[in-house]
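Taking it in order: structure first as structure tokens, then the write-up.
Nothing in this text is a laboratory measurement; each read-out follows from the coordinates by a stated rule. As the structure is a prediction and not an experimental result, all values here were calculated from the model. Neighbour counts are summed over all protein chains in view; Cβ atoms, including those assigned to glycine, are modelled from backbone coordinates with ideal geometry.
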Amino acid sequence: MIDTRSGLGASEVTDDLSASDLLALARRRKADEDRAAAEILQLAARWADLHPPESIHHAAAFSVPGFDHEEPIAGEGCPLVTEFCIPELGTVLGISTTAAKKLIGHALELRHRLPRLWDQVHAGRVPAWRARLVAEATIHAVPTLTVEAAGWIDSQVAAVAGKVSTAQLDRLVAEAIKRYDLSVEPRPDFAAGEDHEDFEADQYLNHDRRHVTFDTRHVHYDGLMRMEAELDLADAYDLDAAIAHGAAALKALGSTAALGARRAAALGDLARTQTALDLHTQGTPAPAPAGDNLPAAREVVLHVHLDADAVGGETVFGPTGRLENGQRLALLDQVKGWCASSRTKVTIRPVLDLNAELTTDTHAIPDRIREQVMLRDRTCVFPWCTRPARACDIDHITPYDHDAAAEGRPQPGPTATSNLAPLCRSHHRLKTHTAWRYVHLGPGVFEWTSPHGHHFLHDHDGTTALDPPCRP
């Protein structure tokens with residue numbers, strides 16, 4: 001049944017459906033979902049076809065974790081795509097620019113380097129999300145996969161990708177990469193009977209896989225963050241020994257925490273170059289020894305807003321606050337713990353009014369205005385972007401005219417709170433070099449218009465699509 005007024009299908013889930021009917025309907029809807037996801041991949045690939053870059057310097061790329069360089073969004077043999085086309089596809093799909101970049105990269109990887117898997121997706125035998133797992137692995141394999149290598153892996157996994165569990169699929173792809181012997185460069189000609197195992201080992205060592213990565217996207221509500229690292233073997237043993245020693249010292253000083261918690265605390269102490277002697281005072285920070293001029297190991301900056309209550313001449317804070325780094329909930333007890341650690345510098349910065357209009361006559365943005373804008377908007381204000389404001393540029397929404405004063409004209413783009421907003425470098429360049437435009441509707445509220453006329457509202461609650469789009 002179709003509602004012709006809205007164009008939406010009426011729900012088939014009714015109270016009179018039997019158990020068999022419900023299962024049959026669930027199966028049909030899952031098939032519909034898989035077909036839609038496969039079509040999204042086709043649309044993403046076609047969108048890339050429509051937007052080739054003018055040069056390699058304008059091509060979209062991704063950052064490599066643990067390295068300073070960037071790589072194309074898909075493997076060797078895939079066409080390049082201009083970076084500025086990606087955000088618009090992402091916004092209409094309701095995903096971030098980074099997620100849209102991955103979507104297009106996966107679509108190109110599947111279509112050009114994993115064609116068997118691509119066909120299986122569109123035949124309904126492999127869900128799109130499973131195929132994207134394989135594409136993610138082949139795009140980011142170290143060392144980089146050749147076209148031939150990717151094709152060989154495609155032949156190994158395409159037929160079974162829809163039949164095995166996710167964990168089995170991950171193992172199958174990893175084993176296929178290993179079996180292809182991708183860790184070595186092309187071998188020289190060896191004499192008959194000559195052992196080339198040492199050559200393979202030397203080639204493998206040419207690829208430095210060391211890294212330390214913090215998963216800032218998934219911070220637990222109780223303030224925990226996951227860290228992953230691959231270290232030099234000797235460094236790993238040294239770090240393990242230092243952590244074990246620190247955990248033992250904490251226990252000897254009276255800590256009753258579990259071993260895992262003590263090891264984590266010991267790693268934090270290593271990061272701050274301090275010891276666990278605070279336990280001697282049973283939780284009260286120990287005074288620094290006389291003549292101790294060591295710098296602070298940690299700084300806690302408290303931004304005090306007007307929602308703090310003044311009672312009896314003292315400022316009383318609520319039980320929760322907001323952690324600016326990561327936009328996470330912070331409990332008052334957690335903040336007290338951070339401040340109580342030895343060698344901690346506590347800075348209190350009063351913020352009287354984030355809605356006040358601050359201005360200056362210069363193009364350069366004073367620190368007080370920059371700080372106000374970052375605290376007001378919290379993140380990049382582009383639709384669906386969550387990059388922290390402190391990692392962003394401060395953009396003049398209406399460009400500043402450097403010649404206005406000399407020519408006796410009013411300044412169209414003043415350096416004022418209402419004309420400033422944080423934009424990450426990628427979206428700052430997008431706004432500067434493309435037809436994307438936005439306006440400031442109120443404190444922390446922005447309306448964006450894409451080159452094809454789609455409108456989006458961004459505020460502290462997130463992003464809202466304002467459809468239907470107007471004429472481009």
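Going through the cross-link list Lys102/Lys431; Lys251/Lys345; Lys101/Lys178, which pairs have a Cα-Cα distance over 23 Å in this structure?
Violating the 23 Å limit, Cα to Cα: Lys251/Lys345; Lys101/Lys178.
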Original post:
When we measure straight from the Cα of Lys30, which lysines land under 22 angstrom away, once same-chain ones fewer than 8 places off are left out?
Top reply: Lys163
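Extension gain Ala19-Ala229, at 0.36 nm per residue separation less the Cα-Cα distance, in nm? Working shown, then result.
Details: separation 210, 0.36 × 210 = 75.60 nm, distance 4.85 nm.
Separation in residues times 0.36 nm, less the Cα-Cα distance, equals 70.8 nm.
Using a/c under 1.5 as the rounded threshold, could you call segment 24-179 rounded, prolate or oblate? The axes a ≥ b ≥ c are square roots of the C-alpha gyration tensor eigenvalues, and prolate needs a/b larger than b/c, oblate otherwise. Numbers along the way, then the final one.
Details: a/c = 1.89, a/b = 1.17, b/c = 1.61.
Here segment 24-179 falls in the oblate category.
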Original post:
Toward the positive end of the charge dipole of segment 24-179, about the Cα centre and with charges on Cβ (Lys, Arg +1; Asp, Glu -1), which of Ala159, Pro53, Ala107 goes farthest?
Top reply: Ala159
Original post:
What whole number of Å gives the distance from the Cα centroid of segment 253-267 to the Cα centroid of segment 422-441?
Top reply: 47
